[in-house]
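Participant: Below you'll find the structure I mean.
The values are calculated or read from the model by the stated rules, or taken from the named source; none is laboratory data. All values derive from a computational prediction rather than experimental measurement. FYI the Cβ positions are ideal-geometry reconstructions off the backbone, even for glycines, and counts take in every protein chain you see. Ligands, DNA and RNA are excluded from the accessible area calculation, which covers all protein heavy atoms including side chains. Shrake-Rupley method; radii C 1.70, N 1.55, O 1.52, S 1.80 Å.
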Amino acid sequence: MDIQGRIFQSIRSRRDGLLLRSDVSAIGGRSQVSAALLALCRKGLIQRIERGVYVTPQKLELLGKQALLDKAHQRQAALRQKLSIRKRREARTLTPTARYVDALARRLGISYTPTYGDRWAFAVTRLAGDDVSSYRTDDLLVALTRAGKLSPTDMVRMAIEHQITTFVFDRPSA
C-alpha cells in the first residue's frame, strides 16, 4: 500500500475523522507525506482545515470546523506535554558514557558542528524516506574524533557502549 493509502486508511479508522500531520509523520519522509496529503486533498478525500490538521469532508460537515479545531488543539497540547515529559526523562537518565563524553567535550571546549557532508547525508537520507535523528552524545563523539581527541576505535567502542546502555535504560521493566 502506498503512502496515500496508508494515510487515508489512518483517517478513515478514526471516529472523529480528524488527522494531525504528526499522526502520519512516521509513514514516510516529510516531502512524501506532504505530497500524499496534498494529493488526498485534491481528490476531495480529506480537507485541510488548519496547518497540520486534516479531516474527512463528512465529519467536517457533521461536526463543524470549530469543534474539530478545538479537538485538534487538545490533541496537540497532549502530544506536546507527552513529548516534554519524555525529554525530561531522557535528561534524567543520561548513560555513564553520555556523562563522560559531555564532560570531556566541555573540558576540551569541543562542540559538534555539522559539516557539508553531514548536511548532505542528512538530506539524502530524508529524501530516501528514512527518519533521521541525531543524538547529542553521538554528535559529540564525532566531534571529539574529528578533533583528534579520540581514536576512531575508541569512538566506535563508546558509541556502542552508549547505545547498549541506552537500550537497557529505555527498556520497560518486567
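Participant: In the stretch 21-51, which residues are surrounded by fewer than 15 Cβ atoms within 10 Å (Cβ to Cβ), within 19 Å of the chain's Cα centre (by Cα) and within 23 Å of D130 (Cβ to Cβ)?
Facilitator: Listed by number, the residues that qualify are S22, S25, A26, R30, S31, S34, A35.
Let's see how each residue does on (1) of a type in the set (G, A, S); (2) closer than 22 Å to T125 by Cα:
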{"residue": "S25", "(1), (2)": "yes, yes"}
{"residue": "L37", "(1), (2)": "no, yes"}
{"residue": "I49", "(1), (2)": "no, no"}
{"residue": "T56", "(1), (2)": "no, no"}
{"residue": "L68", "(1), (2)": "no, no"}
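Participant: Another question about this same structure. If I go through the stretch 101-117 residue by residue, how many of them are without any contact (Cβ under 8 Å) to a residue 12 or more places away in the chain and in a helix (DSSP H, G or I)?
Facilitator: Result for the stretch 101-117: 5.
Participant: Take Y54 and tell me if it is outside any helix (DSSP H, G or I), within 23 Å of I3 (Cα to Cα) and hydroxyl-bearing (S, T, Y).
Facilitator: yes
Participant: In the stretch 1-20, how many are more than 27 Å from A123 (Cα to Cα) and open to solvent by 60 Å² or more (accessible area, probe 1.4 Å)?
Facilitator: Total satisfying the criteria: 5.
Participant: Residue pairs, Cβ under 7 Å, 6 or more apart or interchain, first in the stretch 148-159 and under 13 Å from A105 (Cβ atoms), second not hydrophobic (A, V, I, L, M, F, W, C). List them.
Facilitator: Between residues of the stretch 148-159 that are under 13 Å from A105 (Cβ atoms) and residues that are not hydrophobic (A, V, I, L, M, F, W, C), the close pairs are M155/T145; M158/T97.
Participant: Another one. Do you know which residues across the stretch 105-142 are surrounded by 14 or more Cβ atoms within 10 Å (Cβ to Cβ) and among the polar types (S, T, N, Q)?
Facilitator: T137
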